[in-house]
Amino acid sequence: MVSAPKNRYPNIFDANQAGLEHACNLLRSGKLVAFPTETVYGLGANATNAKACASIYEAKGRPSFNPLIVHFPDITEAEKRVSFNAKAQKLAHAFWPGPLTLVLPRTENCDIAELCSAGLPSLAVRVPGHPIAHALLQQSGLPLAAPSANASGKISPTKSEHVAYSLGGKVSCILDGKDKACTVGLESTVIDLTGEVPVLLRPGNITREEIEDVIGSIQLGKSLMERKAESSSGDETTEDTLQPSDPLKSPGLLKSHYAPTLPLRLNAVDVAADEALLAFGNKPLTGSGYYLNLSEKGDLLEAAANLFAALHALDQKPNVRGIAVMPIPDTGLGLAINDRLKRAAAPR
């Protein structure tokens, strides 16, 4: 029987076999488990379970649906979900397991929840090098979506106590890495390989120079180039000045981003026959030929889990001129849902 260590945080568990089995069972049931990686502690959820992934945003109080990095035990499992090109193969063999995240196109039959991709056709993937993370991935048999295990905007955690202090009881289990956790202490380097030229989206322990030694020249992402241009000294910006808190290429960077083909009409109180309806609650509007309900119960967690899949489905309906979206409460996860919808509805 598993038991928590004697400390003031009852959700911190030793990462022994009993603790790992307890964590695996929780993950399979859709709960959140925090675990150490070589970078920082990750807030893990079953990446194939959209509702479990939505609970990550809820626990963190994340204001928008930015992409989540999905962790795998090895490259073979990652290749089932994303398409590797030659450069991705070289980087994976050079730096995995380790603190490098690759952004690659999703495969056609990818089983990872669309919420992890924030509506993008790409997915951020990594194979962590920490033994506890590896054991959890192997024993659970699940790919794990896992951003840093802290409240949104707060300091990234490198100890189990940091996680407990920041998120409290929102995490069912925190696996304690003790003094062997987070030896790198910075979030992973992120490289976008979806275009012709690789782009550094976030610097980290694996440097630009090390990456270029493997695959040749890469570009800096927009936010990094802006920081470089704004440097007050005339000197070239160093890795130290490019902080890992710089944002990923995500829905949070542009006013209009990742929108469906059809225009969105928000806060709809009526719907036309040639509009598709994205409903919320137990009283959907009448008059539309097509509609999907984010949550008949008015459950924001369920609505968040269904959001991107519903938008994709309605966007593919024939003979529809637009999508009418019923009002969604602007509280809790509703803030993130409305943030995404406003960006999707913004002028193109």
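The values are calculated or read from the model by the stated rules, or taken from the named source; none is laboratory data. Computed from a predicted model, the values in this text were never measured in an experiment. Positions of Cβ are generated from backbone atoms using ideal geometry, with glycine treated the same way; all protein chains shown enter the neighbour counts. The protein model used for the area step is the full one, side chains on, heavy atoms only, and it has no ligands, DNA or RNA in it. Shrake-Rupley method; radii C 1.70, N 1.55, O 1.52, S 1.80 Å.
Identify, please: which residue in segment 301-320 is closer than 11 Å to Lys51 by Cβ and of a type in the set (A, V, I, L, M) and is, among those, most open to solvent (accessible area, probe 1.4 Å)?
Of all residues in segment 301-320, those closer than 11 Å to Lys51 by Cβ come to 301-306.
Among the residues that remain, those that are also of a type in the set (A, V, I, L, M) are: 301, 303-305.
Details: Leu301: 32, Ala303: 0, Ala304: 0, Ala305: 17 Å².
Step by step, filter segment 301-320, then rank; the result is Leu301.
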message: For the list (1) farther than 24 Å from Ala34 by Cβ; (2) out of contact with any strand residue (DSSP E or B) (no Cβ under 6 Å at 6 or more places or on another chain); (3) touching a residue at least 40 places away in the same chain (Cβ under 8 Å), I need the number of the one condition that Asn109 fails.
response: (3)
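Name every residue in segment 300-330 that is under 23 Å from Lys60 (Cα atoms) and without any contact (Cβ under 8 Å) to a residue 24 or more places away in the chain, in order of residue number. Before you say what the answer is, go through the steps one by one.
Residues of segment 300-330 that are under 23 Å from Lys60 (Cα atoms), as a first pass: 300-309, 328-330.
Within segment 300-330, Asp330 is the sole residue that qualifies.
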field: Single unsatisfied condition, Val214 versus (1) at pLDDT 95 or above; (2) open to solvent by 60 Å² or more (accessible area, probe 1.4 Å); (3) more than 20 Å from the chain's Cα centre (by Cα); (4) of a type outside the set (D, E, K, R)
entry: (2)
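How many residues does segment 196-221 contain that are assigned to a helix (DSSP H, G or I) and closer than 20 Å to Pro97 by Cβ? Can you show your working first?
Looking only at segment 196-221, we keep the residues that are assigned to a helix (DSSP H, G or I), and these are 208-215.
Adding the requirement that they be closer than 20 Å to Pro97 by Cβ leaves 210-211, 213-215.
Count: 5.
Among the residues of segment 119-162, what is the count of those that are outside any loop (DSSP other than H, G, I, E, B) and of a type in the set (S, T, N, Q)?
Initial filter on segment 119-162 (outside any loop (DSSP other than H, G, I, E, B)): 122-126, 131-140, 144-145, 148, 160-162.
Keeping just the survivors that are of a type in the set (S, T, N, Q) gives 122, 138-140, 148, 160.
Residues that pass the stated criteria total 6.
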query: So Phe72 fits all but one of (1) out of contact with any Gly (no Cβ under 9 Å at 6 or more places or on another chain); (2) among the aromatic types (Phe, Trp, Tyr); (3) open to solvent by 20 Å² or more (accessible area, probe 1.4 Å); what number is the exception?
result: (3)
- prompt: What are the residues in segment 339-348 that are under 17 Å from Gly61 (Cα atoms) and surrounded by 20 or more Cβ atoms within 10 Å (Cβ to Cβ), if any?
  reply: Arg340
- request: Considering only segment 163-179, state which residues are touching a strand residue (DSSP E or B) at 6+ places or on another chain (Cβ under 7 Å) and assigned to a helix (DSSP H, G or I).
  value: Val163, Ala164
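For (1) at pLDDT 80 or above; (2) open to solvent by less than 20 Å² (accessible area, probe 1.4 Å); (3) over 23 Å from Arg126 (Cβ atoms), each residue gets a yes or a no:
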site: Glu187; (1), (2), (3): yes, no, no
site: Asn205; (1), (2), (3): yes, no, no
site: Asp235; (1), (2), (3): no, no, yes
site: Leu242; (1), (2), (3): no, yes, no
task: Select from segment 287-309 the residues that are of a type in the set (Phe, Trp, Tyr) and assigned to a strand (DSSP E or B) and list them in ascending order.
output: Tyr290, Tyr291
message: Looking at the structure I just gave you, is Thr107 of a type in the set (Val, Ile, Thr) and over 18 Å from the mean Cα position of the chain (by Cα)?
response: no
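If a residue has to be more than 28 Å from Leu20 (Cβ to Cβ) and either crowded, with 21+ Cβ neighbours inside 10 Å or among the charged types (D, E, K, R) (or both) to count, how many in segment 118-142 make the cut? Walk me through how you get there before you give the answer.
Of segment 118-142, the ones more than 28 Å from Leu20 (Cβ to Cβ) are 118-122.
Imposing the further condition that a residue be either crowded, with 21+ Cβ neighbours inside 10 Å or among the charged types (D, E, K, R) (or both) reduces the set to 118-119.
Qualifying residue count for the region: 2.
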Conditions (1) at pLDDT below 80; (2) touching a Pro at 6+ places or on another chain (Cβ under 8 Å); number of the one not met by Asn267: (1)
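For residues that are open to solvent by 50 Å² or more (accessible area, probe 1.4 Å) and either touching a Lys or Arg at 6+ places or on another chain (Cβ under 6 Å) or in contact (Cβ under 8 Å) with a residue 60 or more places away in the chain (or both), tally how many sit in segment 154-164.
Taking segment 154-164 first, the residues open to solvent by 50 Å² or more (accessible area, probe 1.4 Å) are 154-155, 159, 161-162.
Adding the requirement that they be either touching a Lys or Arg at 6+ places or on another chain (Cβ under 6 Å) or in contact (Cβ under 8 Å) with a residue 60 or more places away in the chain (or both) leaves 159, 161-162.
So the count comes out to 3.
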